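See below for the structure under consideration.
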Amino acid sequence: MMNSARLIERFIRYVQCGSESCNEAAFCSLLEKELAALGLEVKQDNAGKLCGSNGRNIYARLEGTDDSILFSMHTDTVYPGNNIKPVIENGVIRSSGDTILGADDKAGIAAVMEALEIIVESKSVHRTVEILLSVCEEIGMLGAKYADFSNIKSRKAIVLDSDNLGEIINRNPANVHLYFKITGRSAHAGLAPQEGIHALKAAAEAVAAIPVGLVDDITVMNVSNFISEGKTNVIADKAAFDMEIRSFDEERLQKHIKASEQAVSDACKHYGAGYEVKIERHSDVIYVPENSALVEEVMEDYKALGVDSYLASSFGGCDATHIFANGIEVLNLGIGMQSVHSCEEHISVKDLEIITSLMCLLMK
């Protein structure tokens, strides 16, 4: 049976335990104790050291039937996430206004932990449940990147790290980062401008030719960190900028990578400059078919709770990226948190109860 008072108390206890990125140790210890008290097998790793965090990834397992499932959430929050003072008004939990609330992702953690306690105390038959609690998700999904997936046996997973209740994200784009460095030749801008090769002008022309925003129906692009330091009386011999491209289609992604580099090449040729490019693959496409058994199960369970659910694509990233890359079918569910990463962050008690009920159904 759902214990709403206990669920709310649990959520408030979690958000009051500060865990900004790289400082999750206290919250990790709290969760490890609660998981062990529920009878789960609990393990840790050294991902925190690799991420620059004092925390660690937590793996937990509750033995049940063979049809195992993984639930994944992150323990870190964005800033300002310390000394949170939750307020409950008209069925909505929010911060007092000078911090975030931390529903991202502690609402998801509270829902899973409460569902685990319900399952354990009821002694009902349930599937094998695995838990992955990661650190440093908010600063690049680093905990999941360094996670030891040999600790996980499930081949299907649920991530609880999106906004709107009922939303089931089954598709995310590939994400590629490009780093351009343009090299020219310095010269005195007043006495010998003809001797210089203007790296800044070449870089500016290239950036002007590269589209940003939603560049087609399945691709977004952005340019940032334009840098060309120097004195006003010296022609800039160095310039650099970063960019990223996210696309749901590999062919389209490669087309935009090629076009972006061509824009830089053309601009450098115009000014006589040279360039270097470094390309890093941040993530691959995630796609779980609409007719997969996992999608159908989640939608059926939502229906049983009287909630309209729907499939969605998202340009955003989460730990699902690394889970999927390790051969695990994964969906990211909306849990009702709103205005995340702001001091207006909030979640309704009703949504918190519904997502907890959904977790109970998925664990059975």
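The values are calculated or read from the model by the stated rules, or taken from the named source; none is laboratory data. Remember, it's a predicted structure, so these values are computed and weren't measured experimentally. As a convention, Cβ positions derive from the backbone with ideal geometry for all residues, glycine included, and neighbour counts pool all protein chains shown.
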* Structure fact -> Exactly one of Glu34, Glu63 is out of contact with any strand residue (DSSP E or B) (no Cβ under 6 Å at 6 or more places or on another chain), under 23 Å from Leu362 (Cα atoms), touching a residue at least 60 places away in the same chain (Cβ under 8 Å) and among the acidic types (Asp, Glu), and that residue is Glu34
* Asked: Tell me, which residue of segment 320-364 that is farther than 22 Å from Thr77 by Cβ and polar (S, T, N, Q) is nearest to the chain's Cα centre (by Cα)?
  -> Asn326
* Structure fact -> Picking from Gly196, Gly166, the residue that is over 18 Å from Thr321 (Cβ atoms), touching a Lys or Arg at 6+ places or on another chain (Cβ under 6 Å) and in contact (Cβ under 8 Å) with a residue 24 or more places away in the chain would be Gly196
* **Test: residue in segment 264-279 that is crowded, with 18+ Cβ neighbours inside 10 Å, of a type in the set (Ser, Thr, Tyr) and touching a helix residue (DSSP H, G or I) at 6+ places or on another chain (Cβ under 6 Å)** => yes
* Only residues in segment 352-363 that are under 10 Å from Ala115 (Cα atoms) count as the first member; pair them with residues that are of a type in the set (Lys, Arg) and surrounded by fewer than 22 Cβ atoms within 10 Å (Cβ to Cβ), Cβ under 6 angstrom, at least 6 apart or cross-chain, and list the lot. => none
* Identity of the residue in segment 290-299, part of a loop (DSSP other than H, G, I, E, B) and in contact with a strand residue (DSSP E or B) (Cβ under 8 Å, 6 or more places away or on another chain), that ends up nearest to Asn326 (Cα to Cα) -> Ser292
* Yes or no: Phe241 buried (at least 19 other Cβ atoms within 10 Å of the Cβ) and of a type in the set (Phe, Trp, Tyr)? -> yes
* Kindly indicate whether Gly143 is under 22 Å from Lys49 (Cβ atoms) and at pLDDT 95 or above. => yes
